[in-house]
Each structure stands twice: as C-alpha cells, then as structure tokens.
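Q: Input: one structure, supplied below.
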Amino acid sequence: MLRLGISIGMLSGIILGLCLKWIEWLTGKQVYTLLLNVDFIPIIGPIQWPEWVEFVFHLLIAAAIGIVFVYIVGKLNNMSIRKIVLCSFLLTLPTIPLYFPLTLLALKPTPAVDAVAIFYWTAGHLVFAAALVFGYIILKRRL
C-alpha cells in the first residue's frame with residue numbers, strides 16, 4: 001500500500017509539475033515557479049536550491065498525498081469509481097486556495113493574485129486529482 005501511494009503521488013506530482021511548467025512557458029504566468037517556491041520556509045528557504053531539488057520537495061508532498069489517498073481508498077473497501085474520484089478531489093481541494101498564502105509569502109517573483117493565474121493553478125491541480133485516480137486504477141493492478 002505504501003509503495004502504491006508513493007508511486008501514484010509521484011506520478012501525479014510529475015504530471016502536475018510538467019503541466020504547470022508548460023503553462024508558465026506558454027503564458028509567462030509563474031505558476032510553476034510558485035509550485036516549487038520554498039524561499040519563505042525557515043531553514044531551507046534562504047538556500048538557493050537548484051530547480052531539480054525544489055521539484056523533489058514538490059514530489060515529497062505529492063507522494064504524501066498519494067499515500068493518504070491510497071490509505072483512504074483502501075480503508076473504504078469496495079469504493080465505486082465515483083467515490084474514488086470524490087476522494088481524490090477532496091484531498092486535492094486544499095491545494096487550490098494555497099495559491100494565496102504561497103503567493104503572498106513568496107520572496108521571489110511569483111504570479112500576482114489574478115484570475116488567469118488562479119485558473120491555471122486550479123486547472124493544474126485538478127489534473128493532479130485526475131492523475132491520482134488514473135494512477136490508482138492503472139498501478140493498483142501492477143504493484
């Protein structure tokens with residue numbers, strides 16, 4: 001169960017990261033920069049981390065969400081696909097309003113609090129939620 005949760009979370013986190021990186025490259029809205037930003041966190045924030053290390057930090061959070069997702073789905077035996085989707089979206093939902101404190105706390109340039117950037121952030125996280133579900137369906141049989 002742990003291996004499945006880590007795998008699903010990391011897969012979903014990679015998809016989210018690539019999605020937001022592509023959106024940032026295409027539009028200039030710094031949603032990927034915001035996703036990886038840790039400059040406001042005590043102890044690790046002042047360090048100038050390379051992008052890949054910041055991405056690993058992001059993947060650790062995604063893996064934790066994946067573990068919780070698999071744990072909940074496993075505890076609620078015989079869940080319908082509708083309930084699995086609902087569980088995924090409810091777990092992902094808190095990441096959407098994180099846009100505001102992350103933007104306000106950031107020291108380096110991140111997107112402004114504007115509707116377009118919030119839309120991109122939300123869309124990316126909804127893709128993450130969907131990836132949790134598809135990852136669960138596909139990887140459950142293999143791991």
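The values are calculated or read from the model by the stated rules, or taken from the named source; none is laboratory data. Note that the structure is a prediction, hence the values are computed from the model and not measured. Cβ placement follows ideal geometry from the backbone for every residue including glycine, while neighbour counts extend to all protein chains displayed. Just so you know, the surface numbers come from the protein's heavy atoms only, side chains and all, with ligands and any DNA or RNA stripped out. Shrake-Rupley method; radii C 1.70, N 1.55, O 1.52, S 1.80 Å.
Q: Report every pair of residues separated by at least 6 positions or lying on different chains whose Cβ atoms are under 8 Å apart, first residue within the range 98-115 and touching a residue at least 24 places away in the same chain (Cβ under 8 Å), second among the basic types (Lys, Arg) and open to solvent by 40 Å² or more (accessible area, probe 1.4 Å).
A: 111/29
Okay, residues lined up against (1) over 30 Å from residue 74 (Cα atoms); (2) modelled with pLDDT of 95 or more; (3) not β-branched (Val, Ile, Thr):
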{"residue": "2", "(1), (2), (3)": "no, no, yes"}
{"residue": "8", "(1), (2), (3)": "no, yes, no"}
{"residue": "21", "(1), (2), (3)": "yes, yes, yes"}
{"residue": "24", "(1), (2), (3)": "yes, yes, yes"}
{"residue": "35", "(1), (2), (3)": "no, yes, yes"}
{"residue": "42", "(1), (2), (3)": "yes, no, yes"}
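Q: So in the range 69-85, with the set limited to residues that are aliphatic (A, V, I, L, M) and surrounded by 14 or more Cβ atoms within 10 Å (Cβ to Cβ), which one is nearest to residue 2 (Cα to Cα)?
A: 70
Q: Right, here's the next one. Considering only the range 79-91, I want to know if a residue exists there that is out of contact with any Pro (no Cβ under 6 Å at 6 or more places or on another chain), under 16 Å from residue 133 (Cβ atoms) and part of a loop (DSSP other than H, G, I, E, B).
A: Yes, there is a match, as at least one residue in the range 79-91 is out of contact with any Pro (no Cβ under 6 Å at 6 or more places or on another chain), under 16 Å from residue 133 (Cβ atoms) and part of a loop (DSSP other than H, G, I, E, B).
Q: Quick check, is residue 101 farther than 17 Å from residue 2 by Cβ, not in a helix (DSSP H, G or I) and not polar (S, T, N, Q)? Write out each step before concluding.
A: Numbers: farther than 17 Å from residue 2 by Cβ: yes; not in a helix (DSSP H, G or I): no; not polar (S, T, N, Q): yes.
Answer is no for this residue.
Q: Now a separate question. Restricting attention to the range 45-76, report how many residues are β-branched (Val, Ile, Thr) and free of Cβ contacts under 8 Å to residues at least 12 places away in the same chain.
A: 3
Q: Provide a single number: the residues in the range 8-51 that are among the aromatic types (Phe, Trp, Tyr) and assigned to a loop (DSSP other than H, G, I, E, B). Outline the logic, then answer.
A: Within the range 8-51, the first condition is being among the aromatic types (Phe, Trp, Tyr), and the residues that meet it are 22, 25, 32, 40, 49.
Applying the additional criterion that residues be assigned to a loop (DSSP other than H, G, I, E, B) yields 40, 49.
Count: 2.
Q: If you check residue 116 against the conditions, is it over 18 Å from the mean Cα position of the chain (by Cα), surrounded by fewer than 18 Cβ atoms within 10 Å (Cβ to Cβ), in a helix (DSSP H, G or I) and of a type in the set (A, V, I, L, M)?
A: Answer is yes for this residue.
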